[in-house]
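Okay, structure first, notes after.
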Amino acid sequence: MDAPSLVQKVTNLQHDTVARWHEVEPDNRYEGLLAIVCQQHQFNFLLWHEEDIARSPNVGDQKIAQVKRAIDGFNQNRNDYIERVDEALISQLARDGAMPRTDARVNTETPGSAIDRLSIMSLRIFHLQEQLERDDVDQEHRTKVEERIARCRVQHSDLSQSLVELLEDLQAGEKLLKVYRQMKMYNDPTLNPYLYQGVRKAG
């Protein structure tokens, strides 16, 4: 695994698809690990736009309920695919013969979580860039947006480099990669009290 090359491919994928998916239906032209990254990114893309609808004051209660259910579904899928990214990386590391040392440390964030954050950052940068192209705003608005874009680009660069370093540490055996299951409770009818109590009452 060439960590700098992989991270560059991931960020290029996220940047390119955000632009393309605003013109065509979301697709997935990739294979292997990048196909999993693309699918995870797609859930963030869909989630982002549902969140926009949810905050509109002109949307009725019925539509808000539909949007909320869609948000819950996309968010669950998003988290599931963070885990799938990490699982794929564990498999890749094993194929590369990368074995953690006995004193390997655990990172506070997995590569899948970092890739998720890069995905969200690519969406934020794209939509901030759209704000600069509006013809109904003044220079004060544009200046504020330009400052935010600049900060986002610094964060994106820093996070990309941190991900490179984490992948290199994993490959060198200096860090240990584990898949941390999200174990979200609200979508599980056996763990969400409102759902399982509702089932009992309905019966």
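The values are calculated or read from the model by the stated rules, or taken from the named source; none is laboratory data. On a predicted model such as this, the values are computed, not experimentally measured, just so you know. With ideal geometry, Cβ positions are generated from the backbone for all residues, glycine too; neighbour counts draw on all protein chains shown.
Key figures
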quantity: Out of 65, 19, 88, 70, sole residue that is in a helix (DSSP H, G or I) and closer than 22 Å to residue 125 by Cα; calculated: 19
quantity: Given (1) among the acidic types (Asp, Glu); (2) surrounded by fewer than 15 Cβ atoms within 10 Å (Cβ to Cβ); (3) modelled with pLDDT of 90 or more, number of the condition residue 168 does not satisfy; calculated: (2)
quantity: Evaluation of residue 181 against (1) in a helix (DSSP H, G or I); (2) touching a residue at least 60 places away in the same chain (Cβ under 8 Å); (3) out of contact with any strand residue (DSSP E or B) (no Cβ under 9 Å at 6 or more places or on another chain) (one fails), failing number; calculated: (1)
quantity: Only one of 85, 67 that is under 21 Å from residue 46 (Cβ atoms), crowded, with 17+ Cβ neighbours inside 10 Å and touching an Asp or Glu at 6+ places or on another chain (Cβ under 7 Å); calculated: 67
quantity: Test result for residue 92, surrounded by fewer than 18 Cβ atoms within 10 Å (Cβ to Cβ), at pLDDT 95 or above, within 24 Å of residue 178 (Cβ to Cβ) and of a type outside the set (Gly, Ala, Ser); calculated: yes
quantity: Top-ranked residue in region 83-119 [being free of Cβ contacts under 8 Å to residues at least 60 places away in the same chain and of a type in the set (D, E, K, R); ranked as farthest from residue 33 (Cα to Cα)]; calculated: 103
quantity: Meets criteria (at pLDDT below 95, exposed (fewer than 15 other Cβ atoms within 10 Å of the Cβ) and of a type in the set (S, T, N, Q)) for residue 62; calculated: yes
quantity: Criterion: loosely packed, with under 15 Cβ neighbours inside 10 Å and outside any helix (DSSP H, G or I) - qualifying residue of 142, 101; calculated: 101
